[in-house]
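The values are calculated or read from the model by the stated rules, or taken from the named source; none is laboratory data. Bear in mind the structure is a predicted one, so any value in this text is a computation, not a measurement. Please note: Cβ atoms are built from the backbone with ideal geometry, for glycine as well, and neighbour counts cover all protein chains shown.
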Amino acid sequence: MIELYTTASPNGFKITIMLEELQIPYNLHHIKISNGDNKTEDFLKLSPHGRIPVIKDTETGIVVFESAAILQYLAEKTGKLLSNKLAIRMQTLQWLMFNSATLAPLLGQRVNFELFEDNKIDAAIQRYQKLTVEAFSTMNKHLSENSYFAGEHYSIADIAAFGWLHICEVIDFKFNHFTHLWRWYQQLAKRKAVTKGITLPNKATGA
């Protein structure tokens with residue numbers, strides 16, 4: 001059984017989508033960050049930096065934090081959504097790392113400076129808008145020649161990217177003019193596991 005500690009967020013969505021895709025049993029514990037649930041002593045034993053999501057696999061006793069690491073762990077455990085063929089595997093992992101090192105951090109900063117910062121800093125807003133365009137352009141170009149980020153293979157790289165692209169759509173950071181990226185997004189949004197994965201964190205009971 002997988003014990004999942006999460007909330008409704010881009011990184012949280014990645015793991016609920018993944019677990020729904022795999023159709024393996026899990027318990028979802030809603031970590032209410034506004035209440036400080038992520039800073040409790042018990043939670044910090046699971047996730048030392050106080051970030052969600054985090055999982056505990058009761059079958060192995062393994063605890064994993066950081067969404068990319070969780071995706072890879074679940075893929076390795078089940079043998080799904082991460083090919084054992086080296087070329088496809090590396091294609092998947094490099095786009096997974098692109099999401100972790102580039103897409104997620106810059107979008108997180110853009111959301112903060114553009115939407116949540118009380119004292120708007122024009123230079124910061126413009127910087128992260130520019131970086132968003134650059135990242136989306138890179139993704140769009142790749143998807144102009146590939147169905148998914150790992151070529152013709154739906155994988156954990158797609159799930160990782162969808163979490164943040166879904167938030168962009170929700171908060172009106174438009175990207176539909178990137179036609180190939182938009183095609184990919186719409187294609188994934190129709191998947192049953194994706195539809196369920198982005199709603200489950202809102203329905204979870206407290207941990």
Q: Restrict the check to the stretch 125-144 and report whether at least one residue is hydrophobic (A, V, I, L, M, F, W, C), closer than 20 Å to GLU20 by Cα, in the same structural domain as LEU103 (by TED's automatic domain parsing) and modelled with pLDDT of 95 or more.
A: no
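Answer yes or no: is there a residue in the stretch 169-183 that is out of contact with any helix residue (DSSP H, G or I) (no Cβ under 6 Å at 6 or more places or on another chain), part of a helix (DSSP H, G or I), closer than 30 Å to HIS29 by Cβ and acidic (Asp, Glu).
Taking the stretch 169-183 as the starting set, the residues that turn out to be out of contact with any helix residue (DSSP H, G or I) (no Cβ under 6 Å at 6 or more places or on another chain) are 169-174, 177, 179, 182-183.
From what's left, part of a helix (DSSP H, G or I): 169-170, 179, 182-183.
Of the ones still in play, those that are also closer than 30 Å to HIS29 by Cβ are 169-170.
Adding the requirement that they be acidic (Asp, Glu) leaves 169.
So far as the stretch 169-183 goes, yes, one or more of its residues are out of contact with any helix residue (DSSP H, G or I) (no Cβ under 6 Å at 6 or more places or on another chain), part of a helix (DSSP H, G or I), closer than 30 Å to HIS29 by Cβ and acidic (Asp, Glu).
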Q) Out of all the residues in the stretch 146-167, is one or more surrounded by fewer than 23 Cβ atoms within 10 Å (Cβ to Cβ) and in contact with a strand residue (DSSP E or B) (Cβ under 6 Å, 6 or more places away or on another chain)? A) yes
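Can you tell which of LYS45, LYS32 is in the same structural domain as VAL63 (by TED's automatic domain parsing), closer than 11 Å to PRO201 by Cα and among the charged types (D, E, K, R)? So that I can check it myself, show each step before the final result.
Working: LYS45 fails: closer than 11 Å to PRO201 by Cα.
The unique qualifying residue is LYS32.
If I filter the stretch 142-159 for residues that are in a helix (DSSP H, G or I) and in contact with a Lys or Arg (Cβ under 6 Å, 6 or more places away or on another chain), do I get at least one hit?
Pass one, the stretch 142-159, residues in a helix (DSSP H, G or I): 142-143, 156-159.
Restricting the remaining residues to those that are in contact with a Lys or Arg (Cβ under 6 Å, 6 or more places away or on another chain) gives 159.
Yes, there is a match, as at least one residue in the stretch 142-159 is in a helix (DSSP H, G or I) and in contact with a Lys or Arg (Cβ under 6 Å, 6 or more places away or on another chain).
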**Q.** Selection from the stretch 32-57 of residues that are among the β-branched types (Val, Ile, Thr), assigned to a loop (DSSP other than H, G, I, E, B) and crowded, with 19+ Cβ neighbours inside 10 Å
**A.** ILE52
Q: Take ILE171 and decide whether it is hydrophobic (A, V, I, L, M, F, W, C) and in the same structural domain as THR40 (by TED's automatic domain parsing).
A: no
Q: Kindly establish whether PHE149 is of a type in the set (Phe, Trp, Tyr), modelled with pLDDT of 95 or more and more than 17 Å from MET18 (Cα to Cα).
A: no
Q.
Which of the helices (runs of 4 or more DSSP H) found entirely inside the stretch 58-111 contain at least 1 residues meeting this: out of contact with any strand residue (DSSP E or B) (no Cβ under 7 Å at 6 or more places or on another chain), assigned by TED's automatic domain parsing to the domain that holds GLY163 and closer than 18 Å to MET139 by Cα?
A. 86-98, 104-111
Q: For HIS29, work out the one condition from (1) in contact (Cβ under 8 Å) with a residue 60 or more places away in the chain; (2) part of a helix (DSSP H, G or I) it doesn't fulfil.
A: (2)
